[in-house]
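The structure appears below as structure tokens.
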């Protein structure tokens, strides 16, 4: 920013460092062009349909048909997949899969009508689900998911019962029940995976990179025990056989739900449900009953669906619990006004960061920041205006910091920043950017007026051997005192390294 240039800083609600830009909360995190989005939908429908056709016993519907739930999940998760071109691509994908595997165009077109009916029904029902329940992070979220799946399955069944009468010569009511239950188990197994899918691969890659850079604890082997137990239970179910074999994995699934994040639990549940359905239909799991019998198929699919609801519900409840605990921890560690770390949390975070700095044999810097003439803002504009200045200042400072830095409010208008793995030159540049940015900023208040304020900064820098928190705090405080006495709105530097 050029000298003398100023801009207005709008204070907004949210965590420190957030931006006021609107973000689609449940998007997949990337914007695709219409052609690319259509290609994604068409490719997903084609691949999923071919997979489902492979699980289709001769003369019957597929024992596991993931396509409709996958398509519905894509469209619910990201609006860009609801474009007309995407619907056309989905239609082509359905037809192509059937034609490739030897079906007739007429039969494929009829089955596609039933598939589309279920997806459309699910989209309509989804509009009545509140935002907080759409990522399956609340105790009641699974109930709403079940209702959406029921509407989608019933819609598919209404069209499918006429199709089944034409293709399979089944009575309409019998066909509706069969289609309804078959679709319901697919929606319950797959939709949770789609709704909790992280923004991959970029989000996962960034998380792993930041975890490694921050020196986070390595993944522990005991975390794999629930999954290993689940695999053993699957093998045991295959060995035991009998009707009860489909429920042998329930304890292990619940253990996974209590241990792993939502998405991992949903994915594991999907794989287990799909395996039971396909293995039983193709004769790889001996349930001791005739799996070609109509009543047996309905009972088995209904049982698999109800079993899947258990870990899905447990995972959603655990997600709500963990979010509540995170909020409580955040409230305990953060200043309620500025959302920065409070004094105790800042000291703890700074000590942890300095320990890592010493291990890595790097240097660190500490900034003490004090707003100039802040009392005048309160006396002139009122304490509400002073609060908005503190919030605006905190957001401005956070915008100049790295994710690995510690930023806290020590009290009143005094703040501190610890910059680990930071050279003296870089720390000076950061401090000067904060000072000059604030000096050039006018903070907009609630009544529409604007106020300007400056900050004095004391900066202390130390090599690994001198990285003691108390020494850095005292040195930065002395440098801040010099900045105040030297005319304010300035940065004073001191080095502990000699």
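Some points to look at:
- Residue 352 versus residue 173: modelled label distance in nm, points set 7 Å from Cα along the beta carbon direction: 6.3 nm
- Distance between modelled label sites at residue 101 and residue 47, nm, 7 Å Cα→Cβ extension: 1.7 nm
- Tensor-based shape of the stretch 34-331 (alpha-carbon gyration tensor, a/c under 1.5 rounded, otherwise prolate or oblate): oblate
- Relative to the current alpha-carbon distance between residue 439 and residue 399, full extension at 0.36 nm per residue lengthens the span by 12.9 nm.
- FRET efficiency estimate (nearest 0.05) - Cβ-Cβ, residue 92 to residue 452, R0 51 angstrom: 0.25
- Taking the chain and dividing mean pair separation by its residue count, relative contact order in percent (alpha carbons under 8 Å, at least six apart): 14 percent
- Between residue 414 and residue 82, full extension at 0.36 nm per residue minus the direct alpha carbon distance yields a gain of 114.5 nm.
- Förster radius 35 Å - calculated FRET efficiency between residue 322 and residue 344, Cβ distance, rounded to 0.05: 0.95
- Stretch gain in nm, segment residue 383-residue 127, where the contour uses 0.36 nm per residue and the Cα spacing is subtracted: 87.9 nm
- FRET efficiency, 1/(1 + (r/R0)^6) with R0 25 Å, evaluated for residue 426 and residue 485 via beta carbons: 0.45
- Global form of the stretch 75-203, assessed from the alpha-carbon gyration tensor, a/c cut-off 1.5: oblate
- Shape of the chain, Cα gyration tensor, a/c cut at 1.5: prolate
None of the figures in this text is laboratory data; all of them are computed from the coordinates on show. Note that the structure is predicted; figures quoted are calculated from it, not measured. Please note: Cβ atoms are built from the backbone with ideal geometry, for glycine as well, and neighbour counts cover all protein chains shown.
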